[in-house]
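The values are calculated or read from the model by the stated rules, or taken from the named source; none is laboratory data. Please read these numbers as outputs of a predicted model, since none were measured by experiment. Here the Cβ positions follow ideal geometry from the backbone for every residue, glycine too, while neighbour counts run over all protein chains shown. The area values use the complete protein model at the heavy-atom level, side chains included, leaving out ligands, DNA and RNA. Shrake-Rupley method; radii C 1.70, N 1.55, O 1.52, S 1.80 Å.
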There are 2 protein chains.
Amino acid sequence: MKPWFGSPGVTSGLMLRILQCLFASASIATMAFSTGFSTATSFCFLISAMGLQVLWSFGLACLDIHALRVKKDLQTPILLSLVVVGDWVTALLALAAASSSAGVMVLYARDADICKLDPKLSCHLFQISIAFAFFAWFLVVISSHTILWLLASLS
Amino acid sequence: MKPWFGSPGVTSGLMLRILQCLFASASIATMAFSTGFSTATSFCFLISAMGLQVLWSFGLACLDIHALRVKKDLQTPILLSLVVVGDWVTALLALAAASSSAGVMVLYARDADICKLDPKLSCHLFQISIAFAFFAWFLVVISSHTILWLLASLS
């Protein structure tokens, strides 16, 4: 089986998973250290979605490391189907959480000027956290599209 | 070429496009008739994203009607690639717009109780419009996945 960029059991796939983990963790950390994130449900949803993303990407990164060490081929249709479904679920949740938080952020910073009215809110940290979440989502989209394409070419 | 469910030039594909158009138009109409939608940028973004969705789905519905009338096969790799890229762009925008509006809606209805404090806002209409947008997005996802699968099986 020719190794596809970003597919399971390949070095590029492992790198993508590690980057997803890092960006999602950075998003959680930035949001958790900000003041007043609990004022909006969307920010809490972002933390939950990124938490799920960290767990999923970390699990797959461990699987990739194991496969690379024992030189095991992970590109079977059943495993690829499971990974692609999981990737789709986490990617959808990540985009929904990042977008809803971005919607609230625009309301806070522009529409209602809440950031100026309440200087205690860490608006800059909210923005950084949302940006990290969008990066994590983009990397999951790359992984899932590669695997979906590989799966379709196998069937 | 065996007709795939939901692919271009097939009756099921045409039905999907018409439903996408209807739900996206309903979302725009509900939001446009509500009072105070301009208080949040996300609601204006929802109208724009659904407007793009209507244009895209209406164009493809016309193409499907033409193909069905003259019995033309639309399932060529170049046309399918163009449709799948367009579907992805509109689906991403639709999900981002619906999610950001949902985030603002939760803030209005629960976190900040703005719906109770300002009874002039048509909060129920906002919610109905967002629900329509999610339906439209879901139908585009079905179309795009079907076409991506068909494209991968052709290549």
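Have a look at B:Leu55, B:Leu82, B:Leu74 and point out the one that is within 25 Å of B:Phe33 (Cα to Cα) and surrounded by fewer than 23 Cβ atoms within 10 Å (Cβ to Cβ).
On the way: B:Leu82 fails: within 25 Å of B:Phe33 (Cα to Cα); B:Leu74 fails: within 25 Å of B:Phe33 (Cα to Cα).
From the options B:Leu55, B:Leu82, B:Leu74, the qualifying one is B:Leu55.
For the stretch B:103-114, how many residues meet the condition of being open to solvent by 30 Å² or more (accessible area, probe 1.4 Å) and in a helix (DSSP H, G or I)?
Initial filter on the stretch B:103-114 (open to solvent by 30 Å² or more (accessible area, probe 1.4 Å)): B:106, B:109-114.
Subsequent filtering for residues that are in a helix (DSSP H, G or I) retains B:106, B:109-111, B:114.
Of the residues in that region, 5 qualify.
If you scan the stretch B:44-101, which residues turn out to be of a type in the set (Ser, Thr, Tyr), out of contact with any Gly (no Cβ under 8 Å at 6 or more places or on another chain) and assigned to a helix (DSSP H, G or I)? Break it down into steps so the answer makes sense when it comes.
Within the stretch B:44-101, the subset of a type in the set (Ser, Thr, Tyr) is B:48, B:57, B:76, B:81, B:90, B:99-101.
Next cut, out of contact with any Gly (no Cβ under 8 Å at 6 or more places or on another chain) only: B:48, B:57, B:76, B:81, B:90.
B:Ser48, B:Ser57, B:Ser81, B:Thr90, listed by residue number.
Rundown of residues vs (1) touching a residue at least 12 places away in the same chain (Cβ under 8 Å); (2) away from chain B (no Cβ under 14 Å), yes/no style:
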{"site": "A:Arg17", "(1), (2)": "yes, yes"}
{"site": "A:Ser42", "(1), (2)": "yes, no"}
{"site": "A:Leu63", "(1), (2)": "yes, yes"}
{"site": "A:Lys72", "(1), (2)": "yes, yes"}
{"site": "A:Ala97", "(1), (2)": "yes, no"}
{"site": "A:Arg110", "(1), (2)": "no, no"}
